[in-house]
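The values are calculated or read from the model by the stated rules, or taken from the named source; none is laboratory data. These numbers were taken from a predicted model, which means no experiment stands behind them. As a convention, Cβ positions derive from the backbone with ideal geometry for all residues, glycine included, and neighbour counts pool all protein chains shown.
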Amino acid sequence: MVRLSELPEYERQHLLAKNLPPLTPSAWRAPTKPLAQMRFALITTAGLHYRDADNFKFADASYRPLHVARDVNELVMSHSSVNFDRSGFIEDVNVVFPYDRFRELVKDGVIGGLSDVHYSFMGAGLLPQMYEASASQVAGMLMQDNVDAVFLTPV
Amino acid sequence: MGAIGYYLERAGIMTTGISLVRENTAALQPPRALWVPFPLGRPLGAPAQSEFQHRVIAAALDLLSAPRGPVMADFPEDAPGGEAGARVQACPVSFALADSSDVGWVSRLRSEVAQLADWYDLGQRRRGRTTFGLSGEQMEALVDYLGGLLDAPEGEVDLRRFKFALEDARTFYTEALTAQPGEHDPERVAQWVYGESELGRAIVALYQRFAGREETAQFARIVAPRQALGYSTGDEQLHTGSRDE
């Protein structure tokens with residue numbers, strides 16, 4: 001898993017139906033500094049948020065800020081899809097949102113720093129173009145926070 | 001996921017990350033992606049495996065040094081399955097004890113939840129947290145609500161209330177069934193929930209209720225996983241063509 005050849009035909013067809021062409025024009029930001037000087041943020045499309053934030057709607061291109069001044073173990077998941085495993089996240093938030101691992105990378109000097117605010121989207125049911133406005137907003141806030149690079153996790 | 005990476009990169013922020021479905025990522029061509037052969041829902045591979053998670057992250061961070069892109073790489077390791085002795089094999093409760101067809105759904109679900117309550121509490125103590133709480137309701141109220149929809153299936157359903165009630169019920173069961181320390185195979189956990197429990201049967205029954213009406217047929221796809229429908233019917237045609245996440 002997830003090798004399509006190992007999945008039932010209905011599951012294989014379901015996932016292949018989601019193949020979409022590249023967004024254009026192509027986008028590429030070349031590296032300008034070594035990893036050990038880069039400041040990182042984490043973004044997940046797992047539909048995570050704190051309990052007092054609004055749940056994601058069934059199809060929703062909005063985002064939730066994840067402030068790490070709060071305890072990331074309090075995060076919950078309101079992703080609308082029922083077709084992925086949640087038991088890994090239940091056991092260890094880092095399976096989806098590897099905040100502790102990135103803190104360790106900062107401590108070990110592998111990366112230069114970590115933002116205090118990360119972001120969560122819900123990747124479900126919408127075409128990529130629907131995320132343009134909200135992702136561009138998040139990009140602006142990350143730039144303001146001097147973030148150089150983002151680590152992305154889907155579910 | 002690929003879309004977010006694209007728009008961030010376009011704004012001047014480098015991105016790298018995980019791909020769970022190689023074919024989708026190869027088609028969309030985000031700037032950088034590491035394909036991993038892990039189950040959907042587990043982009044870092046496995047819980048409580050910090051060294052393994054670090055290897056995944058390191059492989060994704062390596063892509064940031066590529067001089068040009070898009071660049072996609074394959075992670076060479078499967079997710080760790082745990083030592084044989086650490087893998088939890090047995091379901092902590094016997095669901096057959098809760099199954100009695102001469103009482104309604106609410107009674108059967110209440111009985112099952114009572115069986116699971118101590119396991120849920122144990123899981124919460126062991127992990128130091130719970131992911132239950134999307135609905136704002138207690139578990140007992142949730143089973144009365146969900147079971148009530150099947151015992152008295154007339155009337156309109158508030159889909160938003162229903163969805164988060166169902167998600168909390170699923171979470172309660174999953175946390176209870178994985179309360180024991182050790183490695184839990186996600187497929188085995190799904191088998192317990194959807195193949196053996198009364199809640200699993202309720203989810204399939206609710207799916208069928210929504211799927212059978214034109215106005216809620218789309219919604220039905222976020223009620224029961226395709227896997228659950230397979231356990232209940234063996235009919236793969238039920239799933240073909242559905243599209244959600």
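Figure legend. Inter-residue proximity from the range B:121-139: first residues more than 8 Å from chain A (Cβ to nearest Cβ) and among the hydrophobic types (A, V, I, L, M, F, W, C), second residues surrounded by fewer than 16 Cβ atoms within 10 Å (Cβ to Cβ) and in a helix (DSSP H, G or I), beta-carbon distance below 9 Å, spacing 6+ or different chains. Indicated pairs: B:Met139/B:Ala117.
Note on the range B:183-245: enclosed helices (runs of 4 or more DSSP H) holding 2 or more residues that are modelled with pLDDT of 90 or more and small (Gly, Ala, Ser) are B:198-211, B:217-220. Quick check, is B:Tyr194 under 12 Å from B:Pro92 (Cα atoms), among the hydroxyl-bearing types (Ser, Thr, Tyr) and crowded, with 17+ Cβ neighbours inside 10 Å? No.
Only one of the numbered conditions (1) exposed (fewer than 12 other Cβ atoms within 10 Å of the Cβ); (2) of a type outside the set (Ser, Thr, Tyr); (3) within 20 Å of A:Val82 (Cβ to Cβ) is violated by A:Asp52, and that is (3).
Is it true that B:Gln53 is crowded, with 17+ Cβ neighbours inside 10 Å, touching a Leu at 6+ places or on another chain (Cβ under 9 Å), modelled with pLDDT of 95 or more and not hydrophobic (A, V, I, L, M, F, W, C)? Spelling it out, B:Gln53 is indeed crowded, with 17+ Cβ neighbours inside 10 Å, touching a Leu at 6+ places or on another chain (Cβ under 9 Å), modelled with pLDDT of 95 or more and not hydrophobic (A, V, I, L, M, F, W, C).
Looking at the structure I just gave you, is B:Gly45 within 27 Å of A:Ala124 (Cα to Cα), more than 19 Å from the chain's Cα centre (by Cα) and either free of Cβ contacts under 8 Å to residues at least 24 places away in the same chain or at the interface with chain A (Cβ under 9 Å from one of its Cβ atoms) (or both)? Answer is no for this residue.
Exactly one residue out of B:Ser135, B:Ser111 is buried (at least 16 other Cβ atoms within 10 Å of the Cβ), part of a helix (DSSP H, G or I) and polar (S, T, N, Q): that is B:Ser111. Against the list (1) over 18 Å from the mean Cα position of the chain (by Cα); (2) crowded, with 16+ Cβ neighbours inside 10 Å; (3) more than 7 Å from chain B (Cβ to nearest Cβ); (4) among the hydroxyl-bearing types (Ser, Thr, Tyr), the condition A:Tyr10 fails is (3). Among the criteria (1) assigned to a loop (DSSP other than H, G, I, E, B); (2) in contact with a helix residue (DSSP H, G or I) (Cβ under 9 Å, 6 or more places away or on another chain), the one B:Pro67 does not fulfil is (2).
Kindly provide the set of residues from the range A:13-49 that are outside any loop (DSSP other than H, G, I, E, B) and surrounded by fewer than 20 Cβ atoms within 10 Å (Cβ to Cβ), ordered by number. Full working, then the answer.
Just the residues of the range A:13-49 that are outside any loop (DSSP other than H, G, I, E, B), to begin with: A:13-16, A:35-37, A:39-44, A:46, A:48-49.
Residues satisfying the conditions are A:Gln13, A:Leu16, A:Leu35, A:Ala36, A:Gln37, A:Arg39.
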